[in-house]
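The values are calculated or read from the model by the stated rules, or taken from the named source; none is laboratory data. All values derive from a computational prediction rather than experimental measurement. So basically every Cβ, Gly included, is an ideal-geometry build from the backbone, and we count neighbours across all protein chains shown. Ligands, DNA and RNA are stripped out before the accessible areas are found, and what is left, the full protein with its side chains, is counted by its heavy atoms. Shrake-Rupley method; radii C 1.70, N 1.55, O 1.52, S 1.80 Å.
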Amino acid sequence: MVNSSNYVSQDFNLLQSLGDKLQTPYQMVPSSDCSDRCIMGFRKVALQGKPTCCYACVPCLQGEISNQTDSLNCFRCPWDQWPNPEKCKCLLKPTEYLSYEDILGASLAAISIMSSIFPALILGLFFSRRNTPLVKASNYSLSCLLLISLSPCFFCSLGFIGYPDHDKCLLRQVSFGLVFTLCVACILAKTVMVVFAFMATRPGSRLRKWTNLRVSYSIISICVLLQLLLCITWISMAPPFPQYDAEDKPELIIADCNNGSPIAFWAMLGYLFLLATISFIVAFLARKLPDSFNEAQFITFSMLAFLCVWISFIPAYLSTQGKYTVAMEVFAILASSWALLICMFFPKCFILLFRPEMNSKDYLMMRNKNKETTSRF
């Protein structure tokens, strides 16, 4: 008797082998004849009026990715990340700030460091010629204080270069405001001293007691103290802090310092502008006073250049963004510092170095005699 189970197993093996030959057309997932597969970085969108298997491959929007083939949706990257060119994965955004590795930042830093040497050189020149008529007429003590304060003016621009951490944001605007207030206050004191010195020469004048150094230092101290109080109030109520902007340039993170209180920032600049304006007006009115080495002309030009730099800075500061905003402020700091240095000291240095005959009592007496003769006629 033949076992029926053997026939059953043989029939099953026959059907299985036949099925293996036929599984390719019948058991594979059907593919569409009207659409290709959507690669990563694209998503599927159904076509109206077409079968459900027909679709279009649409690239993901800006800031979105799809990391699977035939994806139905795209996913937005986190705020600190940005898609790669293929839009299949998120990468960390680069951070933009005025760094020392950047050509612009490195150039400004090099200019700041080299510029700070010139006030020290001029100070050494004034010290070696301190007993000459030109240096004495320039109010030697105030000139030395002005030169000492000009070096920090150049150096304070370095606080605007580099990564804007909390301490740097807190101190860079304050240090800038204080050192520039000291410079402008020195020039204001020199201007007032020029006027007092001329008026004190009149017979019976009571202004002679106002021509000593204590009055000059009092003017400087009051001007700096007012700016210091403003800065302390600023830091106490609304201190500057680092901020990270990912909206203006979506592919970057702009690291910068938020001034905290825009009113306090512009009040600090406005106070500097006020001191410079007063110095300019007083020096302009005193520019023709009869003095052999009248500093009023130099002060007039220096304050005019200082005001022009900072007036032109305002629209440039408001129209730029990112590291170029910081670069504009650094440029304004360097330009205004050079304006003070050149207008106040370069003509005197030229006489001290190349025209020493003009720095003598005989030359001054001859010059004053010629002035008196010209005034008679």
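Observations on the structure shown:
- Top-ranked residue of segment 215-234 - restricted to ones that are touching a residue at least 40 places away in the same chain (Cβ under 8 Å) and among the β-branched types (Val, Ile, Thr), ranked as nearest to Gly260 (Cα to Cα): Val224
- Scanning segment 46-61 for residues that are touching a strand residue (DSSP E or B) at 6+ places or on another chain (Cβ under 8 Å) and either among the hydroxyl-bearing types (Ser, Thr, Tyr) or exposed (fewer than 12 other Cβ atoms within 10 Å of the Cβ) (or both) returns Thr52, Tyr55.
- The number of residues in segment 170-182 that are modelled with pLDDT of 90 or more and open to solvent by 40 Å² or more (accessible area, probe 1.4 Å) comes to 3.
- Segment 114-138, residues that are under 22 Å from Arg214 (Cβ atoms) and open to solvent by less than 40 Å² (accessible area, probe 1.4 Å): Phe126, Val135, Ser138
- Condition met for Ile278 (in contact (Cβ under 8 Å) with a residue 24 or more places away in the chain, β-branched (Val, Ile, Thr) and farther than 28 Å from Ile111 by Cα): yes
- Residues of segment 70-85 satisfying the condition of being touching a residue at least 24 places away in the same chain (Cβ under 8 Å), farther than 11 Å from Glu251 by Cα and loosely packed, with under 13 Cβ neighbours inside 10 Å: Leu72, Asn73
- Complete set of residues in segment 333-377 that are open to solvent by less than 50 Å² (accessible area, probe 1.4 Å), part of a helix (DSSP H, G or I) and at pLDDT below 80: Met358, Leu364
- If you filter segment 37-66 down to residues that are within 24 Å of Pro250 (Cβ to Cβ) and of a type in the set (D, E, K, R), you find that the one that is modelled with the highest pLDDT is Glu64.
- Test: residue in segment 161-169 that is in contact with a Leu (Cβ under 8 Å, 6 or more places away or on another chain), modelled with pLDDT of 90 or more and either open to solvent by 30 Å² or more (accessible area, probe 1.4 Å) or within 30 Å of Leu213 (Cα to Cα) (or both): no
- Qualifying position, being over 16 Å from the mean Cα position of the chain (by Cα), within 30 Å of Asp80 (Cβ to Cβ) and free of Cβ contacts under 8 Å to residues at least 24 places away in the same chain, among Glu247, Glu251: Glu247
- Out of Ser236, Ser279, one residue alone is farther than 30 Å from Lys93 by Cβ, among the polar types (S, T, N, Q) and open to solvent by 50 Å² or more (accessible area, probe 1.4 Å). It is Ser236.
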